[in-house]
Amino acid sequence: MAYPATIGIPASTNGSRLKAKSARLASRITRRTRWATFVYVDAPKVGDTVTAKATFGSVESVKAVSDLYSPVSGTVTAVNEALKTEPDKINQDAHGAWIIKVELSDPGEVADLLDAAAYEAFIAEETN
């Protein structure tokens, strides 16, 4: 699977696509290959704050419920409302089906994230 060049992923949490002082947070890409179709997404509200390495919501499939962890800290500026009625969009487009958008409170946290090439190497190690 090709990963977008703008992706930033901590090895143990969810991914984000980065733009200057904001990020779109999505479910970690490899989870979609292990799980059946997503049936529910629990996300924060616009104006809520998220903290790097802390939970901000959860996703539920027919097999499991998993917490979502934020790779960055900041304020939620948008929530993907389509996921309320169509949570399986995550399965259809893991890169495009963002869950929340966040205005970063500490852009320096981005330095701790993996780029696309490093993430592909991590996934290769994880699946072997």
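The values are calculated or read from the model by the stated rules, or taken from the named source; none is laboratory data. All values derive from a computational prediction rather than experimental measurement. Cβ: placed from backbone, ideal geometry, glycine included. Neighbour counts: every protein chain shown.
Scanning for something at pLDDT 80 or above, surrounded by fewer than 18 Cβ atoms within 10 Å (Cβ to Cβ) and either under 24 Å from Glu126 (Cβ atoms) or among the acidic types (Asp, Glu) (or both), does segment 12-21 turn up at least one residue?
No: segment 12-21 contains no residue that is at pLDDT 80 or above, surrounded by fewer than 18 Cβ atoms within 10 Å (Cβ to Cβ) and either under 24 Å from Glu126 (Cβ atoms) or among the acidic types (Asp, Glu) (or both).
Within segment 59-67, can one find any residue that is of a type in the set (Ser, Thr, Tyr), at pLDDT 65 or above and touching an Asp or Glu at 6+ places or on another chain (Cβ under 7 Å)? No, because not a single residue in segment 59-67 is of a type in the set (Ser, Thr, Tyr), at pLDDT 65 or above and touching an Asp or Glu at 6+ places or on another chain (Cβ under 7 Å).
Here is a check on your reading of the model: is Ala94 within 22 Å of Phe38 (Cα to Cα), in contact (Cβ under 8 Å) with a residue 12 or more places away in the chain, in a loop (DSSP other than H, G, I, E, B) and of a type in the set (Gly, Ala, Ser)? The answer is yes for Ala94. For segment 79-91, does any single residue satisfy the condition of being outside any loop (DSSP other than H, G, I, E, B), modelled with pLDDT of 75 or more, surrounded by 15 or more Cβ atoms within 10 Å (Cβ to Cβ) and over 15 Å from the mean Cα position of the chain (by Cα)? No; the residues of segment 79-91 include none that is outside any loop (DSSP other than H, G, I, E, B), modelled with pLDDT of 75 or more, surrounded by 15 or more Cβ atoms within 10 Å (Cβ to Cβ) and over 15 Å from the mean Cα position of the chain (by Cα).
Filter segment 100-128 down to the residues that are assigned to a loop (DSSP other than H, G, I, E, B) and either within 24 Å of Asp42 (Cα to Cα) or modelled with pLDDT under 85 (or both), then identify the one that is farthest from the chain's Cα centre (by Cα). So that I can check it myself, show each step before the final result.
Taking segment 100-128 as the starting set, the residues that turn out to be assigned to a loop (DSSP other than H, G, I, E, B) are 105-106, 113, 115, 128.
Next, only the ones that are either within 24 Å of Asp42 (Cα to Cα) or modelled with pLDDT under 85 (or both) stay: 105, 113, 115, 128.
Values: Ser105: 17, Leu113: 12, Asp115: 14, Asn128: 23 Å.
Once the filter is applied, the top-ranked residue is Asn128.
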